[in-house]
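Have a look at the structure below before the remarks.
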Amino acid sequence: MSKLRAKISGVHGWVPPYILTNKELETMVETTDEWIMTRTGIRERHILKGEGLGTSDMGAEAVKGLLEKTGTKPEEVDLLICATVTPDMTFPATGNIISDKTGLCNAFSFDINAACSGLLFTLITASKYVETGMYKKVIVVGADKMSSITDYTSRETCVLFGDAAGAILLEPTTEDVGIMDSIAGTDGSGRNYLHMKAGGSLKPPSHETVDAREHFIFQEGQPVFKFAVTRMADVSAEIMERNNLTADDISYLVPHQANLRIIDATARRMGVGKEKVMINIDRYGNTTDATIPLCLWEWEDKLKKGDNIILAAFGGGFTWGSIWVKWAY
Ligand code: UT7
């Protein structure tokens, strides 16, 4: 009997309408459009504005669009897993809330937190439920309202992040397409370079933590940059080597969008030309768990059945990973 694989049978994205440009950031902190463009490649990012709107609202928009375009009825979905570092609340899981808002009445749901590698880890986890034959329709959501944990008085971080959501439908196939191989890694000793200092069980919220601005992203940019360049490039090269894939075999690299210089270094290491790299960091910035589905959504029309695609990410934790996908439609 041929092997059951998890194929991607649809992708959809959603970004909030408000656009925060580098020019506007110049009026908020001491920075310049030139610095941001040359150091990161980011020109603008979308921000979710409005009272009472959280990560689940963006995730729900992405899921609704995905259901509609794939002709999937909400009640047919077996499982939804949400990758996020900005859950609506500590509990319940944002996946539960997205399922409620989109009418997934027969699905169970939960969240995964693996910082910027969360989408990859979630896709790997979801694929196993499909490959074992356990479930037939599984939705992976990557959604983050990064503006809710961004300190807009800190020029080191506020220029980097944006808000967005993306959703991916996985279904079983016996064809030679879908999730073909994956690698994931973590190193928790890197936790202090990129984290939120307070708000968890280690340092619960208090007046002092609020006054010390500890409920925002803290990042030591340079060490994270060095780890990201090495790990993302290594893990992308490794998945190619162990599957005997050459640069010519690859149709697209889909990198996590944290910094254009990290993306370029990864592509160079793989020997893949720029024309084969999905890049939209200029318009969205780093949307954490949404970067990869947003790329797939924007490039969906260009993709053909059988295309070899490498997804790659690096994030806080540290976490990293790569997935080889054969496009299924
Ligand atoms: O997605 C999860 C993983 N995260 C990443 O992969 C991010 C990895 N890190 C990076 O992408 C880069 O380190 C940053 C984009 C965050 C920073 O770029 P950098 O080239 O590493 O700059 P730097 O932190 O070394 O700062 C260089 C200078 C400093 O000034 P001095 O000390 O040289 O006078 C900073 O204070 O640039 C200054 N600076 C800024 N200047 C203008 C930092 N942020 C800004 C800013 N505008 N927004």
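The values are calculated or read from the model by the stated rules, or taken from the named source; none is laboratory data. Note that this is a predicted model, so its numbers are computed, not measured. Neighbour counts are summed over all protein chains in view; Cβ atoms, including those assigned to glycine, are modelled from backbone coordinates with ideal geometry. Ligands, DNA and RNA are excluded from the accessible area calculation, which covers all protein heavy atoms including side chains. Shrake-Rupley method; radii C 1.70, N 1.55, O 1.52, S 1.80 Å.
Laid out as a table, the results:
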| quantity | calculated |
| --- | --- |
| Some residue of the range 128-137 being aromatic (Phe, Trp, Tyr), over 11 Å from residue 288 (Cα atoms) and within 12 Å of the ligand (Cβ to nearest atom) | no |
| Residue pairs meeting the criteria (Cβ under 7 Å; at least 6 apart or on separate chains; first without any contact (Cβ under 8 Å) to a residue 12 or more places away in the chain, in the range 170-199; second part of a strand (DSSP E or B) and open to solvent by 40 Å² or more (accessible area, probe 1.4 Å)) | none |
| Selection within the range 1-28 - outside any strand (DSSP E or B), under 21 Å from residue 165 (Cβ atoms) and open to solvent by less than 10 Å² (accessible area, probe 1.4 Å) | 16 |
| Filter pass, residue 79 being open to solvent by less than 40 Å² (accessible area, probe 1.4 Å) and out of contact with any Lys or Arg (no Cβ under 6 Å at 6 or more places or on another chain) | yes |
| Some residue of the range 48-61 being open to solvent by 10 Å² or more (accessible area, probe 1.4 Å), charged (D, E, K, R) and assigned to a helix (DSSP H, G or I) | yes |
| Qualifying residues in the range 38-47 (those that are within 25 Å of residue 296 (Cβ to Cβ) and not in a strand (DSSP E or B)) - the one farthest from the ligand (Cβ to nearest atom) | 43 |
| Of residues in the range 254-285 being open to solvent by 10 Å² or more (accessible area, probe 1.4 Å) and touching a residue at least 60 places away in the same chain (Cβ under 8 Å), the one farthest from the chain's Cα centre (by Cα) | 261 |
| Count - residues of the range 138-155 that are under 25 Å from residue 50 (Cα atoms) and either surrounded by fewer than 24 Cβ atoms within 10 Å (Cβ to Cβ) or away from the ligand (no atom under 15 Å from the Cβ) (or both) | 12 |
| Qualifying residue in the range 3-24 (condition: modelled with pLDDT under 95 and either over 30 Å from residue 135 (Cβ atoms) or more than 13 Å from the ligand (Cβ to nearest atom) (or both)) | yes |
| Test: residue 125 is farther than 30 Å from residue 34 by Cα, touching a Leu at 6+ places or on another chain (Cβ under 9 Å), open to solvent by 10 Å² or more (accessible area, probe 1.4 Å) and among the β-branched types (Val, Ile, Thr) | no |
| Considering residues of the range 87-110 that are outside any loop (DSSP other than H, G, I, E, B) and open to solvent by 50 Å² or more (accessible area, probe 1.4 Å) only, the residue nearest to the ligand (Cβ to nearest atom) | 110 |
| Test: residue in the range 20-35 that is touching a strand residue (DSSP E or B) at 6+ places or on another chain (Cβ under 6 Å), in the same structural domain as residue 161 (by TED's automatic domain parsing) and not aromatic (Phe, Trp, Tyr) | yes |
| Residues that are assigned to a loop (DSSP other than H, G, I, E, B) and under 17 Å from the mean Cα position of the chain (by Cα), drawn from the range 151-164 | 160, 162 |
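Matching residues to (1) at positive phi; (2) under 21 Å from the mean Cα position of the chain (by Cα):
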residue	(1), (2)
64	no, yes
73	no, no
80	no, yes
83	no, yes
90	no, yes
103	yes, no
111	no, yes
117	no, yes
132	no, no
